[in-house]
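Peer 1: This structure is in structure tokens; I'll ask about it shortly.
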Amino acid sequence: MTTPDHQSPEPQSPAPASQDRIYRSPMALVGGVLLLALVGWLGFDALFRGHGRTPWLALAGMILLVPLTTAFTLRPAVFANEERLRIRNPFRIITLPWGEVSSLRSGYSNEVVAKSGAKYQLWSIPVSLRGRKKAADRAARAAAEAARGGPARRMGFGGPGLGALGSGTVPAGRTRATSDQIMADLRDLQERRAQAGSAQGEVTVRWAYEVIAPAVAGAVLLAILLMVG
């Protein structure tokens, strides 16, 4: 008598990595698009309508300016997930597992400090002193409103379960500048994941040769044209 074949269970595929949270500067993106449009307009106009050395100078200038403009405006971004923090700065890409992050600091710029002591600036999360001032003003107004009882209390909305509305206060996120709130979120993620096994590893730094090479080529060509006269 034969026994029925038992199918072995299919191997489980590894769980996919958590989705990245991406942080970029909207103002930098808008500024970068406008600058690239200006460089393209002026450059192509000189390239096709210029005379003598002008087209060559325009070409060299575009080869230099387009990658630099892209590097400082469109390129910077911060990618964060449960395993690591990846920083895409103008000329480098830095990957730090959360276990290698010592701290995330905010001052006149936002930066991450590795356990080795190395510091890396977060270009895509610029500090806005104006945003901090507005956030401080909102916090002061919220505190004054809470001290007076707040509109929610005066209208009788102080029942249980309403949280900040019932207490007449404003949630903490609304009293922080956007960049400070992002840094607080990243600190919270780092504190939660620093000891996780999947968040360990080495810090890696890669130079962005795809930006550096054309910029250097444009600079060399422009210098030669200027020297030749």
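Peer 1: Right, residue 37: under 30 Å from residue 223 (Cβ atoms), outside any loop (DSSP other than H, G, I, E, B), at pLDDT 95 or above and open to solvent by 50 Å² or more (accessible area, probe 1.4 Å) or not? Let's see the steps before the verdict.
Peer 2: Values: under 30 Å from residue 223 (Cβ atoms): yes; outside any loop (DSSP other than H, G, I, E, B): yes; at pLDDT 95 or above: yes; open to solvent by 50 Å² or more (accessible area, probe 1.4 Å): yes.
So residue 37 fits the description; yes.
Peer 1: So is residue 21 farther than 30 Å from residue 86 by Cα and out of contact with any Pro (no Cβ under 9 Å at 6 or more places or on another chain) or not?
Peer 2: It is false that residue 21 is farther than 30 Å from residue 86 by Cα and out of contact with any Pro (no Cβ under 9 Å at 6 or more places or on another chain).
Peer 1: Scan (1) over 14 Å from the mean Cα position of the chain (by Cα); (2) at pLDDT 95 or above for the single condition residue 108 breaks and write down its number.
Peer 2: Single failed check for residue 108: (2).
Peer 1: Any residue in region 186-212 that is over 15 Å from residue 96 (Cα atoms) and in a loop (DSSP other than H, G, I, E, B) sitting within a Cβ distance under 9 Å of a residue that is at pLDDT 95 or above and open to solvent by less than 80 Å² (accessible area, probe 1.4 Å)? List the pairs, counting only those 6 or more apart or interchain.
Peer 2: Going by the 9 Å Cβ cut-off, the qualifying pairs are 208/71; 208/75; 208/88; 208/89; 208/90; 208/91; 208/92; 208/93.
Peer 1: Also: Could you tell me which residue of region 45-80 is surrounded by the most Cβ atoms within 10 Å (Cβ to Cβ), considering only residues that are more than 26 Å from residue 91 (Cα to Cα) and of a type in the set (D, E, K, R)?
Peer 2: Looking at residues that are more than 26 Å from residue 91 (Cα to Cα) and of a type in the set (D, E, K, R), I get 53.
The values are calculated or read from the model by the stated rules, or taken from the named source; none is laboratory data. Everything numeric in this text was worked out from a predicted model, so none of it was measured. Cβ coordinates were reconstructed from backbone atoms using ideal geometry, including for glycine residues, and neighbour counts include every protein chain displayed. Quick note on the areas: whole protein, heavy atoms, side chains included, nothing else; ligands and nucleic acids left out. Shrake-Rupley method; radii C 1.70, N 1.55, O 1.52, S 1.80 Å.
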